[in-house]
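To start, the structure under review is shown below, and the notes come after it.
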Amino acid sequence: MRAVVLDTSAILRLTQEEIEYLSKENVIFAPESVVSELKKSASLLHFSSFRNKISILSPRRRIVKEVLKLIIKANKKLSEADIDVISLAYELKKKGYDVVVLTEDYEIQNALSLLGIAFLSIKGKNIRYVTIFKKKCKACGFIYDMMLDECPNCGSSEFIVIKKVIKNVN
């Protein structure tokens, strides 16, 4: 069975008719944190028109921690809702679902690519390559993992963040 996970951009852009169509052959999910991001009354009204077609489900904290370890190299700009979208998709995939995430967010797409989870953009604009982030020591120039607090080469804690392309998606 296919699971479709929605992020905030998908909820805001999809029409009631599109949700109806998607729900015929798919189970649609959204994390609770994504629904919480819908603050304006117009957004909430739009969401309420198809709320009954979406299962609101938060990922388990254990899964969130596992996902954070796996995607730490990808990015530091993910919000709590973004991490929940990625974690929920990862959890559903582990449960045997064929998962696709609807998102226009390039940071989410980047992390999903690292985890091997399919994604689609409503506008059709997907990332072209996957990037990871590394630390470069200001003292010695050594490049090391984002999870480390200090340079393993010289011990300095002064660093700059560098971006590295690791995979072409096209």
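Look through 64, 34 and report the one residue that is over 30 Å from residue 144 (Cβ atoms) and of a type in the set (Val, Ile, Thr). Among 64, 34, only 34 is over 30 Å from residue 144 (Cβ atoms) and of a type in the set (Val, Ile, Thr).
Considering only the stretch 7-18, I want to know if a residue exists there that is open to solvent by 30 Å² or more (accessible area, probe 1.4 Å), in a helix (DSSP H, G or I) and over 16 Å from residue 101 (Cβ atoms). Yes, because at least one residue in the stretch 7-18 is open to solvent by 30 Å² or more (accessible area, probe 1.4 Å), in a helix (DSSP H, G or I) and over 16 Å from residue 101 (Cβ atoms).
If you check 97, 106 for being aromatic (Phe, Trp, Tyr), more than 18 Å from residue 32 (Cα to Cα) and touching a residue at least 40 places away in the same chain (Cβ under 8 Å), only one passes: 97.
When you look at residue 80, is it over 12 Å from the mean Cα position of the chain (by Cα) and open to solvent by 70 Å² or more (accessible area, probe 1.4 Å), yes or no? Answer is no for this residue. Applying the condition of being in a loop (DSSP other than H, G, I, E, B) and touching a Phe, Trp or Tyr at 6+ places or on another chain (Cβ under 7 Å) to the stretch 26-73 and asking which residue is nearest to residue 162 (Cα to Cα) yields 73.
Please verify whether residue 85 is within 11 Å of the chain's Cα centre (by Cα), under 26 Å from residue 148 (Cβ atoms) and not basic (Lys, Arg), treating the condition exactly as stated. When the stated conditions are applied, residue 85 does not pass them.
The values are calculated or read from the model by the stated rules, or taken from the named source; none is laboratory data. All values derive from a computational prediction rather than experimental measurement. Neighbour counts run over all protein chains shown; Cβ positions are idealised from the backbone, glycine included. Please note that ligands, DNA and RNA were not included when accessible areas were found on the heavy atoms of the full protein model with its side chains. Shrake-Rupley method; radii C 1.70, N 1.55, O 1.52, S 1.80 Å.
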